[in-house]
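S.K.: Before anything else, here's the structure in question.
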Amino acid sequence: MSDGDRPTFDIAVPSRDPEPKDADKPKANGDLKGKGKDDGKDELTDMSEEDMQLKAELEMLVQRLKESDTNLYLPALESLRTLIRTSTSSMTSVPKPLKFLRPFYEEMGQIRDSWDESLKEQRSLLAAILSVLAMTYSDTGKRETLHYRLLSESTEAPGLWGHEYVRHLSAELGEEYATTFAESEPLVASSTSGTDGEELKPEVKYTTEQLRSLAVELVAFFLKHNAEADAVDLLLELENIEAIIELVDDKTFERVCRYMVSCVPLLVPPDDSAFLETASVIYSKYDRYSEAIALAVRLNSPTLVRKYFEAPTNPVMKKQLAYFLARAQTPLHWVHTADGPETEEENPPPELEEDVLECLGNVKLSSHFRNFGKAVGVEEPRAVEDIYKSHTETTRVTAPADSARQNLASTFVNAFVNAGFGNDKLMVNAAEGQSWIYKNKEHGMMSATASIGMSVLWDSEAGIHHIDKYSYSAEEHIKAGAFLATGIVHAGIRSDTDVAYALLEEYVDSKSTPLKVSAINGLGIAYAGSCRQDLAEKLLPHVADETNTMEVAAMAALALGFVFVGSGNGDIASSILQTLMEREEAQLTSEWTVFACLGLGLLFLATQEASDPTTATLKVIEHPIAIIAVTIVDICAYAGTGNVLKIQELLQACAEHAEKLKKETPNGDAAATTAEGEAVPDASGDVTMAGEGETVASPITASADAGTPAPTTAAVPAPAAEEEAKETKPESLKHQAFATIGIALIAMGEDVGAEMALRQFQHLMTYGDPEIRKSVPLALGLISASNPQLSILDTLSKYSHDSDLDVAINAILAMGLVGAGTNNARLAQMLRGLAVYYAKEADCFFMVRIAQGLVHMGKGTIGINPYFNDGQVMSRTAVAGLLSVIVSFTDARKFVLGKHHWMLYWLVTAMFPQFLITLDEQLEEKPVTVRVGQAVNTIGLAGTRHGISGFQTHQAPVRIATGERAELGTNEYFPYQSVLEGLVILKKNEQYDAEDMQT
């Protein structure tokens, strides 16, 4: 070492000089942690007198167990037990008795084995002590804490040994069950060869009954000590969640149920259904029927819905449940049998009273909504110009020449903005001879007439009065619009008179295609979710009739999808399947076929595995539509489940690229051909000749735009035969559009999944083919409907200026969906900017106007988010409407931007007022003080916390936006429903004293 280094070293040593004198102290501490076993003498010298006395006592007790006198065993073991239980320790160190007994652990195990079987009590107690000692000693994987606990067959509660012991035992119990029983099937299979007999030993080590009975003891301890999450997790690992029903009490049941329900999106079938069912049973056990029926609706179980609907004896509670079922669009026949028609059911539900039926049918929704509009000051009609605010546009640009298109846009804006109020000046209260309908051309007249239905939404009597005169018009388009309006007015309303069916039934068989399609769609919208068999009998022949055009068959299939949404009805599914199999290739090539596929998908909405036979059948079809149909049915079946594996499958489908064909034909002079070597016709029937340098247009125009050449092909997965590969090549990646939308559809039910999906969409937008890029904005609109998050708005704003106009059009629609019914000022400003930017692009300009109408839907009182009841329950009818509109925009130029703009009215099934209206027990509106704030997730957190933050106090009725929650401001009333949303009935609190009020 150099002289220069020495001084540095010498300076450092003296600074630490005093410490070496006590150098053995750290060593002794090391021993306490079990790091220096050889320095026993140092440890002894460092131990306090009490510790040394304890150590000697414990060693003496262990020695007693070795002696031949069996009478000494029990007192010695009881002394050991007392010493271990009464020892205290800090949070970070091991209790002293456990530490001192550690060296004797193996010896004590041998002692127990050497004892005679007749010493049953002594063997049991020693096994219990060894179980506790094993916490500090056991090697990983041996699970000796559990082994000795079960060996002891002790009847003592595990909690007597302390919380840490219970948690340790719980962890080992879960591991043991997973390794032994989860793998039992392959172990049994391998044992048949006779060579793997040893592998079966772990399988028969403990019975399921042993493990589950111990789990029940641990769960009882957890529930007493506010560890509800640990209790639920343990029973989940042991596949025995039903056991918790008997273990909860009136203090713990609510926290247990809330935690269980919050776990559902993270579970795989059948655990997810088991959790919902168990939670609903617990809620009903404690008379919380509103929560129980919400879970029954999530399960889509007619038996449970009926059971919980009939359970309460209080007639007012029945009405509250009826309001909930009406909001969920539950089929009426699940809980009510109409007088007259005979049912095939063995035990049909009873006939309900008139007042309960009124609640079930949403009959008074219109009057409640209009009262709400008055209360919040928006009952006055708004003119279209109030929405456009053209005078604020910075640069005055001459409007596009097509004034009919402008008028059509105004028709939709007026319909969406004044929806439900029945007083707009453009249509309903238009001056005599000034009818707006005639300011539109042909198909525009149809949409204009249909907009009357939107204006008088939910008001059956007034609606029919306004619409009836148009249904006798000589102009076919106006007549068709009147039929559609009849359906729109009755969306979500179930009245005894059944007006919509009576008016539209005969026109379903009309010879005129526009009238037929309108009547079919009117029935689909009016009876969405009703599962009515008479509608199936009316519409099924149109699906099966091969003389019908694909347009009529597809619309009939979609209407059936609306009516039987999520029912998994096998007869209808097989009819649609048969149509797809039997139709000629030229018909399947129609752009309408995708709606037949969607109708099939909607039948299986959120039914998960129930769709498997259908997807297997679809794969048999040899037309390229098959892969689109399979994708659509798959994404619908798992809608809102958050299923990670499905999302991964869809991402994999999106990862394929169309460029692979170019590599196969590097000279660029070979056109895509079918197996027979013929050139494939494009959408208009022309054949693109080789050498023209054009990519081949896709026959199925469900998602290819007329303005953009479709990407050519993707390589078909390796297992497919070469012939199939060649046939599917021209279809290229059509299914990717639906796979992209599917990611949003599956992820939207769960916050974490939805957030992760947003990142995936950024990747898809950056690296995806045109087909995917077009669909990403639509997916963003679906995943955040009526919930204008800032990050999504900025992303969509960027996409709305995309160089590909198809992407821009879809992004503008998505901006409308994301902000639907929110009056979001930032979004309105963005759209006004886009109106200037796209002033000369007719299609984009039209979409900007539509988006402006959507943002101000119902003057800010109506939303389209498919989740309600505090975001817990998914409305299947709302998803059906939203998804149909989004699918139509996968080929916007063929549908909405073409002649079929009426498709935008499918949104009506998702439209519902965003209000809280409080009613007294006579169902009269009752203004009370409520607090409204941002919803806060309090599940699994200690103590009783507020469910809202940053609240404001209002007088009911109030608006409840997506992500907001309401609470009653005082204890003067008790609500019949725990989630304050929609129509809530209140009960007067007799004990309430205004002077002693404590908020």
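The values are calculated or read from the model by the stated rules, or taken from the named source; none is laboratory data. Nothing here was measured: the structure is a model prediction, and the numbers come from that model. FYI the Cβ positions are ideal-geometry reconstructions off the backbone, even for glycines, and counts take in every protein chain you see. Areas reflect the complete protein model, heavy atoms only, side chains present, ligands, DNA and RNA absent. Shrake-Rupley method; radii C 1.70, N 1.55, O 1.52, S 1.80 Å.
S.K.: With a 10 Å radius around each residue's Cβ, average the other Cβ atoms per peptide and rank 736-743, 157-164, highest first.
M.R.: Packing proxy ranking, top to bottom: 736-743, 157-164.
S.K.: Could you tell me the center-to-center distance, by alpha carbons, between segment 737-792 and segment 619-653 in angstrom?
M.R.: First find each Cα centre; the distance between them is then 16 Å.
S.K.: To continue, here is another question. Tally up the carbon and sulfur contribution to the accessible surface of segment 418-518 as a whole percent, 1.4 Å probe, everything protein left in place.
M.R.: Working: 1970 of 4060 Å².
Using a 1.4 Å probe with all protein chains present, segment 418-518 comes out at 48 percent carbon and sulfur.
S.K.: Sequence gap at least 6, Cα distance under 8 Å: using those rules, report the relative contact order of segment 778-821 to the nearest whole percent.
M.R.: Dividing the mean separation by the residue count of segment 778-821 yields 58 percent.
S.K.: Structure shown: which of 469/899; 96/205; 364/987 lie over 26 Å apart, alpha-carbon to alpha-carbon?
M.R.: Those over the limit are 96/205.
S.K.: Round to a whole angstrom and tell me the spacing of the C-alpha centers of segment 492-534 and segment 95-172.
M.R.: Spelled out, the Cα-based centre of one part sits 71 Å from the other.
S.K.: With every protein chain present, what is the per residue accessible area of segment 810-918 (1.4 Å probe, Å²)?
M.R.: Per residue, segment 810-918 has an accessible area of 18 Å².
S.K.: Now a separate question. What is the distance in Å between the Cα centres of segment 271-292 and segment 371-385?
M.R.: If we compute the Cα centre of each part, the gap is 40 Å.
S.K.: Express the carbon and sulfur contribution to the solvent-accessible surface of segment 808-857 as a percent, rounded to the nearest whole number, probe 1.4 angstrom.
M.R.: The C+S portion of the solvent-accessible surface of segment 808-857 is 48 percent.
S.K.: Would you work out if segment 431-512 is rounded, prolate or oblate? Take a ≥ b ≥ c from the square roots of the eigenvalues of the alpha-carbon gyration tensor; rounded if a/c is under 1.5, else prolate when a/b is larger than b/c, oblate otherwise. Walk me through the numbers before you get to the answer.
M.R.: Values: a/c = 2.09, a/b = 1.30, b/c = 1.60.
The shape class here is oblate.
S.K.: Run through all the Cα pairs of segment 250-298 and give the fraction in each 5 Å bin from 0, expressed as whole percent.
M.R.: Pair shares across the bins are 5, 24, 35, 23, 10, 3.
S.K.: In terms of the Cα gyration tensor, with a ≥ b ≥ c the square roots of its eigenvalues, is segment 849-999 rounded because a/c is under 1.5, prolate because a/b exceeds b/c, or oblate?
M.R.: It comes out prolate by the Cα gyration axes.
S.K.: Rounded to the nearest 20 Debye, what is the dipole magnitude of segment 498-537 about its Cα centre when Lys and Arg each give +1 and Asp and Glu each give -1 at the C-beta?
M.R.: 200
S.K.: Round to the nearest 0.05 the FRET efficiency obtained for residue 495 and residue 991 when R0 = 56 Å and r is the Cβ-Cβ distance. Walk me through the intermediate numbers first.
M.R.: Working: r = 40 Å, r/R0 = 0.72.
FRET efficiency, residue 495 to residue 991: 0.90.
S.K.: Radius of gyration and Dmax for segment 471-513's Cα atoms, expressed in Å?
M.R.: 11.0, 31
S.K.: Now a separate question. Calculate the spin-label point distance for residue 268 paired with residue 942, positioning each point 7 Å from the Cα along the beta-carbon direction, and give it in nanometres.
M.R.: 3.5
S.K.: What's the FRET efficiency of residue 925 with residue 425 using the Cβ-Cβ distance as r and R₀ = 35 Å, to the nearest 0.05?
M.R.: Efficiency computed from Cβ-Cβ geometry: 0.80.
S.K.: Taking a threshold of 21 Å on the Cα-Cα distance, which of the pairs 774/859; 479/511; 439/516 fall above it?
M.R.: 774/859; 439/516
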